[in-house]
Amino acid sequence: MTDTDGWFAAVDRDDPDAMAAAIREGRADGPRDWPALALEAEFASDEDEYYDALGEATTAATRAAVTERERADDRQLVHAVRAMDDCDRTANELAERLAEWAGTVDPKAGTGVEYARKLARGETDDDLEEPAIRSLAERVADLADEADELREFVQRQTPAVAPNLSALAEPVLAARLISLAGGLETLAKKPSGTIQVLGAEDALFAHLRGHAPSPKHGIIYTHDAVRGTHPENRGSAARAVAGKLAIAARVDHYSGESKPELEAELADRIETIQARTVDDDAGTDDGSADTGGADDE
């Protein structure tokens with residue numbers, strides 16, 4: 001906008017989309033008496049009418065921005081991974097209920113989601129003829145199948161949304177980190193220390209209240225580099241992984257450029273950390289182990 005007009009210049013009051021676009025795209029070098037300018041431009045007949053129009057336009061602009069954000073690829077990924085986890089959790093809970101129920105009819109009844117799938121397909125050797133039990137098994141199987149399909153979607157979609165994060169953490173873990181953060185942009189703005197404990201919020205709050213030790217890791221525990229490291233050095237591994245994941249998230253959000261060197265750098269760092277356990281074991285064998293246990297990460 002110029003010094004002589006406002007967001008309302010050349011805007012059709014009967015076109016909500018144009019009004020919203022004017023609010024979102026309009027710029028001014030400084031504040032002006034916009035109501036007076038609106039009256040002068042005959043956009044409104046009085047200040048009340050101007051503010052009514054402004055309220056309608058800002059509401060429409062906000063609604064459009066929220067809709068656009070929710071349709072973004074990373075938000076679709078957030079919804080998909082949360083739906084996948086909901087299906088998994090519900091299927092497992094109902095599978096437990098199914099096993100208890102089926103066990104009252106046939107002591108040899110199986111357990112778990114796979115048993116429910118076999119029961120739903122009529123592939124079991126039991127004599128469960130109760131229609132309600134078989135119907136429940138079908139529901140469990142349907143939920144489990146839906147979770148599998150969502151997992152396939154997440155595995156396909158995450159590398160397109162966050163290629164470096166997916167390469168470092170594998171697609172499902174990368175999607176869960178994005179989901180826990182609330183989006184790729186939010187994740188990219190988080191420090192590595194926060195990424196390290198994502199998913200361990202309860203333990204972190206308990207620590208802050210003085211009721212528990214500080215958590216060394218959250219959901220990144222499922223990363224092979226963390227899970228495969230000796231417990232004594234797992235904190236160092238978690239910090240190393242979180243540091244590279246933080247960099248990967250920033251690259252994915254701000255440039256999208258592929259950085260394969262991140263994988264090599266992380267692999268080298270984890271190898272160094274895991275070698276400590278081997279060195280410590282060797283030192284223990286010859287009586288020269290370093291018992292200091294210092295963690296230099």
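Where a number appears in this text, it was derived from the coordinates with a stated rule and is not lab data. The structure presented is a predicted model; accordingly, all values stated were derived computationally and were not measured. Backbone-built Cβ (ideal geometry, glycine too); neighbour counts: all protein chains shown.
Listed by Cβ neighbour count within 10 Å, with the fewest neighbours leading, LEU184, LEU94 appear as LEU94, LEU184.
The lysines whose alpha-carbon is closer than 29 Å to the alpha-carbon of LYS259, local same-chain residues fewer than 8 away aside, are LYS189, LYS190, LYS216, LYS244. Remark: ASP17, ASP106 ranked as ASP17, ASP106, counting other beta-carbon atoms within 10 Å and listing the fewest first. Between HIS79 and THR272, the modelled labels are 4.4 nm apart [label points 7 Å from Cα along Cα→Cβ].
Modelled label positions at ASP14 and THR111, each set 7 Å beyond Cα in the direction of Cβ, lie 7.0 nm from each other. Where a Cα-Cα gap under 22 Å defines reach, which lysines qualify for LYS108, not counting those fewer than 8 residues away within the same chain? LYS108 reaches LYS118.
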